[in-house]
Amino acid sequence: MADPSTPLRLGVIGVGHLGKHHARIAAGVAGARLTAVADTQRDRAVAAAAAAGAKVFEDYRDLFGQVDAVTVAAPTEKHHEIALAFLERGVSVLVEKPITRSLTEADALIAAAKQSGVTLATGHTERYNPAVAAVMPLVSTPRFIEVHRLGVFPDRSLDIDVVFDLMIHDLDIILALVKSEVSAIEAVGVPVLTDKFDIANARLRFASGCIANVTASRISRERVRKIRFFQPDAYISIDYAEQSVEGYRLKRRDGQRPEIQGGQLPVAREEPLKREIEDFVGAVRDKRAPLVSGEDGRRALALAQAIADKMETV
């Protein structure tokens, strides 16, 4: 990438439920060209590559030497193997969440990226949600956070607990906003339709005194994706799916009753995954840190693992 006018050669590995959208967006992102798509199911790779005329492979190793950066949307169990192979060859990587299966594997990716001097980003897509971006400057001293992320039973990601599948999205958001160490964890989970936890609740206490009550379920009859922040004189609510924000604050006036001000806040709707991939491409081209780094992915994974370790069954 010595010539800034040359498009970044981008590859997508794994084009299943989420990866096919990686390929769709990569085919049109500014500053890059979708060069290659790899998937063990060739028909999926062919379909994902068609619009951009990208090369198709069944083995990700065939991309070596043909790409400057890749996005990895393969199953979690393959994240470490695939991402490490590219990072060690000086290829930047965006790996979907959770970054890896273990902290040891995450550390290996972070070390390889530093050794090669390339970008390692983690696909915590909610951080790119315009509603979250609108709220980031407003949440300063949260005292209580309430999260509900409920989804219908999926046909994917059943190899991992709901903590790593769904809850980890909100753990990343909470860590980005609270900026304090977790001092205590209480957690409970129930395996309902699989041998993994399908519904879980965690209560997190931070050194700052903030409490977060986080619920995630993949067996709900309806989809709910909401997070609420309570801080002195203010309340802020995000509906991730609707990309909407409500905010209220208490305005105190000398000698008069306090007045509640607020309502719906303006949010410019945009596809979070598109923002994520654009940020990754920009980070690689400009040699800057991505919004969600490999270290951020590791932090979210570490908290998810700590919750899983504390999990009790009911």
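Using the basic label-point model (7 angstrom from Cα toward the beta carbon), what is the residue 114 to residue 194 distance in nanometres?
Distance between label points: 3.3 nm.
Under a plain spin-label model, where a point goes 7 Å from the Cα along Cα-to-Cβ, how far apart in nm are residue 302 and residue 17?
Reported label-point gap for residue 302 and residue 17 is 2.9 nm.
Given the chain, what percent of its DSSP beta bridges are antiparallel, to the nearest 5? Don't skip to the end; give the middle numbers.
Values: 43 of 74 bridges.
So the antiparallel bridges amount to about 60 percent of the total.
Measuring from centroid to centroid over Cα atoms, what is the spacing of the range 119-146 and the range 242-314 in Å?
Taking the Cα centre of each part, the range 119-146 and the range 242-314 sit 1 Å apart.
Name all residues of the range 219-240 having a backbone nitrogen under 16 Å from the label point set 7 Å from the Cα of residue 152 along its Cα→Cβ direction, giving them as ranges.
Within reach of a label on residue 152, which here means backbone N under 16 Å from a point 7 Å along Cα→Cβ, the range 219-240 contributes 219-225.
Report P(r) for the chain: all Cα-Cα distances, bin width 20 Å, range 0 to the bin holding the largest distance, values in whole percent.
Bin by bin from 0 Å, the calculated values are 32, 56, 12, 1.
Run the quick spin-label model on residue 62 and residue 180: label points 7 Å from Cα toward the beta carbon, then report their separation in nm to one decimal.
5.3
Ranked by Cβ crowding within 10 angstrom, fewest neighbours first, how are 21, 124 ordered?
In order of increasing Cβ crowding within 10 Å: 21, 124.
Tell me, in nm to one decimal, what length is gained between residue 89 and residue 136 on full extension, where the rule is 0.36 nm per residue of separation less the Cα-Cα distance?
Details: separation 47, 0.36 × 47 = 16.92 nm, distance 3.55 nm.
The span from residue 89 to residue 136 would gain 13.4 nm if fully extended.
Within the range 44-128, which trypsin sites (Lys or Arg not before Pro) sit in a loop by DSSP and count at most 16 neighbouring Cβ atoms inside 10 Å?
Numbers: sites: 44, 55, 61, 78, 89, 101, 114, 127; in loops: 89, 101.
Sites meeting the loop and neighbour criteria: 89.
Please report the relative contact order for the range 19-139, taking Cα pairs under 8 Å with a sequence separation of at least 6, and give it as a percent rounded to a whole number.
On the way: 173 pairs, mean separation 21.0, N = 121.
Relative contact order of the range 19-139: 17 percent.
Please compare each pair in 226/274; 78/196; 196/274; 97/226; 78/114; 97/179 to a cut-off of 26 Å on the Cα-Cα distance and tell me which ones are over it.
Check vs 26 Å cut-off fails for 196/274.
Can you sort 80, 17 from fewest to most other Cβ atoms within 10 Å of each residue's own Cβ? The partial results should precede the final answer.
Details: 80 20, 17 12.
Ranked by crowding around the Cβ, least crowded first: 17, 80.
Give me D for the range 191-314 in µm² s⁻¹, whole number, from Stokes-Einstein with Rh from the Kirkwood sum over alpha-carbon pairs, 10 °C and 1.306 mPa s. Mind showing how you got there, number by number?
On the way: Rh = 18.5 Å.
Stokes-Einstein gives a translational diffusion coefficient of 86 µm²/s.
Mind putting together the pair-distance distribution for the range 249-311? All Cα pairs, 10 Å bins, whole percent per bin, short to long.
All Cα pairs, binned at 10 Å, distribute as 16, 21, 21, 25, 15, 2 percent.
Tell me, what is the percent relative contact order of the chain, built from C-alpha pairs under 8 Å that lie six or more residues apart? Can you show the working numbers first?
Values: 693 pairs, mean separation 57.8, N = 314.
Reported as a whole number, the value is 18 percent.
What range in the chain is the longest one free of GluC sites (Glu not before Pro) that are in a loop by DSSP and have at most 10 other Cβ atoms within 10 angstrom? Mind showing how you got there, number by number?
Details: sites that count: 181, 222.
That gives 1-180 as the longest site-free run.
Projected onto the charge dipole of the range 198-254 (+1 at Lys/Arg Cβ, -1 at Asp/Glu Cβ, origin at the Cα centre), which of 213, 224, 245 gives the Cα projection farthest towards the positive end?
Going by the Cα projections, it comes out as 213.
Taken together, the values in this text are just the output of simple stated rules run on the coordinates, not laboratory data. Everything quoted here is computed from the prediction, not taken from an experiment. Neighbour counts are summed over all protein chains in view; Cβ atoms, including those assigned to glycine, are modelled from backbone coordinates with ideal geometry.
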